[in-house]
Amino acid sequence: MIELKNVVFFQKAINSIAAFINEGNFRFSTSGFSFKAIDPSQIVLVNYSVAKNVFDKYDIEPLFVGVDLSELNKIMQRSLPNDRMQLNIDENEMLVKFEGELSRSFKLPLIDINEEEVNIPTPKFDAKVTINARILKEALKDAGLFGSSVILRAKANLFTIEARGSQGTLKTVTKETTNTMVSANSEVVSKYSLNFLQNIIKEADNESTVVLELKSDAPMKASFKIGESTIEFYLAHMIL
C-alpha cells in the first residue's frame, strides 16, 4: 500500500502526464515510483519519478503495471484538498481510496501494455534557461495571439520567444534577472509547437522555476518540480 497525506502534487502530476499519454506503465520499485512514456504522436516523452521517502507510507512489492491514464486522471481530479490518498494494487485492479470528509474508493482495471522500457535520451544541450513559470506562461499566451508555434532563441544572457502569423508577429526578450538565468555556449535557435509547450508547463506552480535545455534544431528538455517530485518532458522540434 502507498499512502499520501498531501494528494495535490500527485493529482497535478497525473493531470500533467494525461495531457499527452492515454495509457502507460507504472513502475513501483524499492526506491520509489516512476513513469516513462512517449505520446502516440512521438512528439513528447515524459519522465516522472517520486522518491520512496516522499510518501507517508510506501509498502508495496516491486511492480510494473499498465494503467489507463485518462481514467486515473478523472479519479484524481475528484480528490479534495484535505483528502488522504491510499493506493493499492492486486492482480487485476488498482484501488484508489480518498479519506477526508468523505470516504471514497475507486477501482480501476489494470491493462496490458507493451513492457518495453522507454529509454531516456542524454543529449548534449548548448543552452540552459532557468525561468519563472508565471513569466514563461504569460510570454506563451502572448505568442498565442499570432501563431501556433514558437521560436526560442538563447544566447549570452538573453532569452527570446518569437511567434509569427498572418495577423502579426511577437518578440519577447527576457534579460537575466532574479527570475531568469541564461547560459549558452553559442546562440541557439529552435522551433516548437506552442500548444505542446503550454501543456507541458501548465501544472508548474506560478512561482516555481522551469528549466529549459536547448540545442539548435533539436528536441528540448523542460523540467520542473511538482511538490517534492520532479517531472521532465522532451519535446521534439519543428523545422524552421
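Nothing in this text is a laboratory measurement; each read-out follows from the coordinates by a stated rule. The model shown is predicted, which means the values in this text are computed figures rather than measured ones. Because the Cβ atoms are built from the backbone with ideal geometry, glycine has one as well, and the counts that use them run over all protein chains shown.
Some observations on this one:
- All positions within region 145-166 that are small (G, A, S) and surrounded by fewer than 16 Cβ atoms within 10 Å (Cβ to Cβ): S148, A156, G165, S166
- Search result, residues across region 149-170 that are closer than 16 Å to S190 by Cβ and either under 24 Å from the mean Cα position of the chain (by Cα) or free of Cβ contacts under 8 Å to residues at least 12 places away in the same chain (or both): S149, V150, I151, L152, R153, A154, F159, T160, I161, E162, A163
- Restricted to region 83-155, the set of strands (runs of 3 or more DSSP E) holding at least 1 residues that are under 22 Å from K175 (Cα atoms) comprises 127-132, 149-155.
- Verdict on E162 being in a strand (DSSP E or B) and acidic (D, E): yes
- Odd one out for D83 among (1) among the acidic types (D, E); (2) farther than 21 Å from S208 by Cβ; (3) surrounded by fewer than 17 Cβ atoms within 10 Å (Cβ to Cβ): (3)
- Residue within region 176-196 that is β-branched (V, I, T), outside any strand (DSSP E or B) and either surrounded by fewer than 20 Cβ atoms within 10 Å (Cβ to Cβ) or in contact with an Asp or Glu (Cβ under 6 Å, 6 or more places away or on another chain) (or both) present: yes
- Residue in region 197-214 that is surrounded by fewer than 17 Cβ atoms within 10 Å (Cβ to Cβ) and of a type in the set (A, V, I, L, M) present: yes
- Of the residues making up region 123-159, those that are β-branched (V, I, T) and within 15 Å of L194 (Cβ to Cβ) are V150, I151.
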